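Since the structure comes first, as structure tokens, the remarks are kept for the end.
What follows is calculated from the coordinates using simple rules that are stated; it is not laboratory data. Fair warning: this is a prediction, and the values are worked out from it, not measured in the lab. A quick note on method: Cβ atoms are made from the backbone with ideal geometry, for glycine too, and the neighbour counts reach across all protein chains shown.
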């Protein structure tokens, strides 16, 4: 059970937090130091977490298989209520293939070993460079490229995808918010072949906050003897964000 009254509902402190980040890295940013920009982005992400917690959204997950003809065939569709709690996201299945379902006491199996690409892992075993700047959601961003060291150790952990990936981050030049992230597998990892792609946290703005908008995964299987691969895609879109009242109580499936 998640009780929203325990969440931090006030946005007071966002400006001091931003100011402290700017003061912390001001010297380094005169030279546009990529590690300093990444560190500022990680601190900005941490500061955003309690501000995101009062929001409930809808998560639609659509599964696809890419046929030999190149056509994308949908193989499934699930809809969840999702809440970003202090200990991570909680989910409640509300529909399958567009049809409502009864609540179940157990979480969906995918949540037990969900793929994750934590940005903090880019601080280790990656070289960083500023590639350019670009505009995302009307905001001017640094485009930060992270390249995996070929000698980096293998880490077999489905929650540590960045340890096997190159990555590109689009970081807001004013707030240091990460508005878009793309990771590309450089080596075989979690049963997915090199070249698999995940684009995460394409943000959308709600009440001035960057909330998750879209997650896409394109997963390649290892090639068979004939060089053929199975290509699977997963698309997670988020919508219907709303800020619930302090007296509300929302039931969610437990997170394992």
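By the beta-carbon count within 10 Å of each Cβ, the least crowded to most crowded order of 63, 238, fewest first, is 63, 238. Looking at the square roots a ≥ b ≥ c of the eigenvalues of the Cα gyration tensor of the stretch 116-233, which shape do they give, rounded for a/c under 1.5, prolate if a/b is larger than b/c, or oblate? Prolate shape, in that a/c is at least 1.5 and a/b is the bigger ratio. Legend: calculated FRET efficiency, residue 127 to residue 159, from the Cβ-Cβ distance at R0 = 22 Å, rounded to 0.05, equals 0.45. Counting every other Cβ atom within 10 Å of each residue's Cβ, 94, 136 order from fewest to most as 94, 136. A straight line joining the Cα centroids of the stretch 169-183 and the stretch 53-86 runs 23 Å. Ordering of 217-224, 137-144, 159-166 by packing is 159-166, 137-144, 217-224, highest average first (other Cβ atoms within 10 Å, averaged per residue). Among 180, 73, 102, the ranking by other beta carbons within 10 Å of each residue's beta carbon, starting with the fewest, stands as 102, 73, 180.
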